[in-house]
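J.: Mind looking over this structure? Questions follow.
No lab work stands behind these numbers, since they all come straight from the coordinates. Remember, it's a predicted structure, so these values are computed and weren't measured experimentally. As a convention, Cβ positions derive from the backbone with ideal geometry for all residues, glycine included, and neighbour counts pool all protein chains shown.
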Amino acid sequence: MNNPLAGIPLAAVGEVGEGFLKERTGETLPCQARPNHLFCADWASENLHRYGTPALQQFELVIISVLIGFVVAFAFALLAHRYHLLQWPLLAGTGLLFAIPSLAFFMLLLPITGRGRETAIIALSAYTLQIIYRNVMSGLANVPESAKDAARGMGLTENQILWKVELPLAVPEIIGGLRIATVSTVAIATLAVLAGGGGLGTQIYNGGNLTFPTAIILSGGIAILMALAFEAVFVLVQRLATPWRRAEAEATA
Amino acid sequence: MSAALLPHPLFAGFAGAFEFIFSKQESSVTGGKKVGGLEQVLELSWTQIEVSLLALAVAMLIALPLGLYFGHKGAGELVAVGLGNAGRAIPELALLAFVAAIVGVGVVPLVGALAVLGIPPILTNTFVGIRQVDRATVDAARGVGMTEFEIMRKVELPMAVPSIMTGVRGASINIIATATIAPLVGVVTLGDFILGENVYGVDGVVAGAMVTAILALLFEFALAGLQRRLTSRGLRLQPQ
């Protein structure tokens with residue numbers, strides 16, 4: 001045992017607590033009261049219900065932020081696709097937003113939006129812009145020229161080509177961007193507690209009390225599981241959204 | 001629009017932060033000791049730069065050789081790419097809190113944790129960059145009598161520079177951002193201003209955020225410039 005008080009006569013220790021006395025008399029101390037404990041399964045199963053609301057908050061933060069980020073980044077990409085002059089400024093601008101640490105972003109918004117969920121959502125969606133924008137752009141750029149020529153030959157207008165040929169062919173990369181943006185946002189949304197935005201971080205950073213490993217492992221573990229679940233969903237959606245990939249694979253097999 | 005929504009209060013929030021950066025202020029909780037001012041801002045900035053560069057160096061020392069080797073061999077794709085995906089899912093707050101609770105506080109545990117966040121993007125992008133080098137080019141290099149090591153150093157590495165640097169920039173962004181919450185591991189970076197509202201006041205919090213954002217952008221600009229310099233002229237001329 002690593003108990004620092006081991007070896008000291010019981011009488012000298014005095015009233016150190018029931019748990020300690022129990023341990024000295026052979027009964028077990030609750031896990032969370034033991035020094036150097038790593039994970040208390042009992043505490044975890046008894047308190048798991050506490051994590052429901054924070055997990056749901058985090059889920060909502062991620063969904064809303066990525067949705068906003070997607071709408072804005074998609075609009076940016078369409079603009080840049082139409083007006084090539086905008087490509088570089090939009091890439092650089094979203095790049096700057098991406099490089100600013102989320103925590104700093106939250107606090108830069110403090111004089112404008114104060115603390116709260118909106119602040120967290122603004123910063124998180126700003127973070128996703130670059131990832132989604134880049135992927136939409138590279139998806140559009142990778143559309144084979146022959147596919148566009150064929151569409152032109154069939155008499156499609158440039159607008160029809162964009163919506164009926166280019167964007168459908170760019171779907172895998174667009175979903176890839178959404179996948180990366182979502183998974184990263186799940187992880188970063190754990191910091192939303194510092195912006196007053198709730199989420200799983202509340203169970204880690206509650207009043208600066210950071211020393212209970214079980215709570216840290218539970219919150220972090222739930223966040224990681226949520227990220228992996230999103231990852232799996234996107235991989236599935238990507239398969240479903242690109243039936244021609246499977247057809248190709250079957251044709252070459 | 002009412003007068004209350006005009007920029008005045010907004011402006012005041014940032015003006016106070018500017019004042020915090022350039023001149024020392026009274027704090028209600030430090031017992032007369034003044035906080036803020038350029039000296040303290042620079043001191044905390046420097047700590048953040050030091051730990052971030054150190055962590056980036058450690059991450060590169062580990063991830064670059066691994067990415068080069070496995071990329072050259074063409075083995076371990078699932079691990080290299082999977083690690084990159086898994087790395088994104090790590091919640092930084094939980095990681096630092098975990099390190100503080102289990103390993104302890106100080107620069108060494110902090111740099112270790114930051115390096116953990118930096119390794120996946122560098123490893124994945126190095127691997128992918130090396131794999132994307134045209135096999136015909138590698139065969140040509142082998143044909144003119146280059147050893148495997150020469151092929152790695154003179155052919156694959158230079159051609160993979162853009163991808164590798166993308167990974168390094170991603171790692172740098174993760175590391176700088178997470179170094180901001182380093183006070184949780186007992187290292188006083190700019191995050192101390194951000195997390196210490198009761199000591200530094202709201203002005204201190206906003207000032208910390210401003211300086212952190214500037215620092216992060218400086219890192220990004222420096223690495224983007226480095227990427228340009230390291231990319232060979234022939235590669236730069238190719239349309240991407």
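J.: Starting with the fewest neighbours, write out A:S184, A:S219 ranked by other beta-carbon atoms found within 10 Å of each beta-carbon.
T.: A:S184, A:S219
J.: Dipole of chain B (Lys/Arg Cβ +1, Asp/Glu Cβ -1, origin at the Cα centre): which of B:T147, B:A216, B:I102 lies farthest to the positive side?
T.: About the Cα centre, the residue reaching furthest to the positive side is B:T147.
J.: Continuing with the same structure: Rounded, prolate or oblate: which one fits the protein assembly as shown, using the alpha carbon gyration tensor with axes a ≥ b ≥ c (rounded when a/c is under 1.5, else prolate when a/b beats b/c, else oblate)?
T.: Here the protein assembly as shown falls in the prolate category.
J.: Let me ask something additional. To the nearest 20 Debye, how big is the dipole of the protein assembly as shown about its Cα centre, given +1 on the beta carbon of each Lys and Arg and -1 on that of each Asp and Glu?
T.: 1040
J.: So, one more: Sorted by packing (mean other beta-carbon atoms within 10 Å per residue), highest first, where do A:54-65, B:88-99 land?
T.: B:88-99, A:54-65
J.: On to the next question. Placing unit charges on C-beta atoms (Lys and Arg positive, Asp and Glu negative, everything else neutral), compute the dipole magnitude of segment B:47-230 about its Cα centre in debye, rounded to 20.
T.: Dipole magnitude for segment B:47-230 comes out near 560 debye.
J.: Evaluate Rg over Rh across segment B:83-167, taking Cα atoms for both radii and Kirkwood's formula for Rh.
T.: With Rg and the Kirkwood Rh in hand, the quotient comes to 1.20.
J.: To continue, here is another question. Using +1 at the C-beta of Lys and Arg and -1 at the C-beta of Asp and Glu, which of B:G37, A:F212, A:L67 has the Cα lying farthest in the positive direction of the dipole of the protein assembly as shown?
T.: It is A:L67.
J.: Which whole-number percent is the relative contact order of segment B:47-230 (Cα, under 8 Å, 6+ apart)?
T.: 27
J.: Where a Cα-Cα gap under 20 Å defines reach, which lysines qualify for A:K148, not counting those fewer than 8 residues away within the same chain?
T.: Partners within reach: A:K164.
J.: Here is a further query. Hey, fewest Cβ within 10 Å first, where do A:Y83, A:Y127 land in order?
T.: The most exposed by this proxy come first: A:Y83, A:Y127.
J.: So who's got an amide H within less than 5 Å of the one on B:V187, skipping anything under 5 residues away but keeping other chains? H placed 1.01 Å off N, in plane.
T.: Residues meeting the criterion, in which the H sits 1.01 Å from N, are B:G106.
J.: Label points 7 Å out from Cα along the Cβ direction at A:V171 and B:A15: separation in nm?
T.: So the label points at A:V171 and B:A15 sit 5.5 nm apart.
J.: For peptide B:94-107, compute the average count of partner chain beta-carbon atoms within 10 Å of each residue's beta-carbon.
T.: 5
J.: What are the ³J(HN,Hα) values, in whole Hz, obtained from phi via the Karplus relation 6.51 cos²θ - 1.76 cosθ + 1.60 with θ = phi - 60°, for each residue of segment A:185-197 in sequence order, with x given for Gly and Pro?
T.: Couplings: 5, 4, 5, 6, 4, 4, 7, 4, 4, 6, 9, x, x Hz.
J.: Can you figure out the FRET efficiency of B:V79 with B:E43, using R₀ = 35 Å and their beta-carbon distance, to the nearest 0.05?
T.: Once rounded, the FRET efficiency stands at 0.30.
J.: Less than 15 Å apart at the alpha-carbon level, and either on another chain or at least 8 residues along: which aspartates and glutamates does that give for B:K154?
T.: Within reach: B:D134, B:D139.
J.: Can you list residues from other chains, or at least 5 along the same chain, whose modelled amide H is less than 5 Å from the amide H of A:L109?
T.: Amide H neighbours of A:L109: none.
J.: Shape call for segment A:156-253 from the C-alpha gyration tensor, a ≥ b ≥ c root eigenvalues: rounded (a/c under 1.5), prolate (a/b greater than b/c) or oblate?
T.: The shape class here is oblate.
J.: Using a basic spin-label model with each label point 7 Å from the Cα along Cα→Cβ, how many nm lie between B:E50 and B:Q227?
T.: Those two pseudo-labels are separated by 2.9 nm.
J.: What is the pair-distance distribution P(r) of segment B:47-230, computed from all Cα-Cα distances in 5 Å bins starting at 0, with each bin given as a whole percent?
T.: 1, 9, 15, 17, 17, 13, 10, 7, 5, 3, 2, 1, 0, 0
J.: Still on this structure, I have one more. When a/c reaches 1.5 or more, the comparison of a/b and b/c decides; with that in mind, is segment A:65-136 rounded, prolate or oblate per its Cα gyration tensor?
T.: Prolate is the answer for segment A:65-136, as a/c is 1.5 or above and a/b outweighs b/c.
J.: Here is a further query. What is the fewest-to-most order of A:K148, B:K73, B:K154 by other Cβ atoms lying within 10 Å of their Cβ?
T.: Ordered from fewest to most neighbouring Cβ atoms within 10 Å, A:K148, B:K73, B:K154 come out as B:K73, B:K154, A:K148.
J.: Residue by residue, what Karplus-based ³J(HN,Hα) values in Hz, rounded to whole numbers, does segment A:130-135 have, using 6.51, -1.76 and 1.60 with θ = phi - 60° and x for Gly and Pro?
T.: 4, 4, 5, 4, 4, 6
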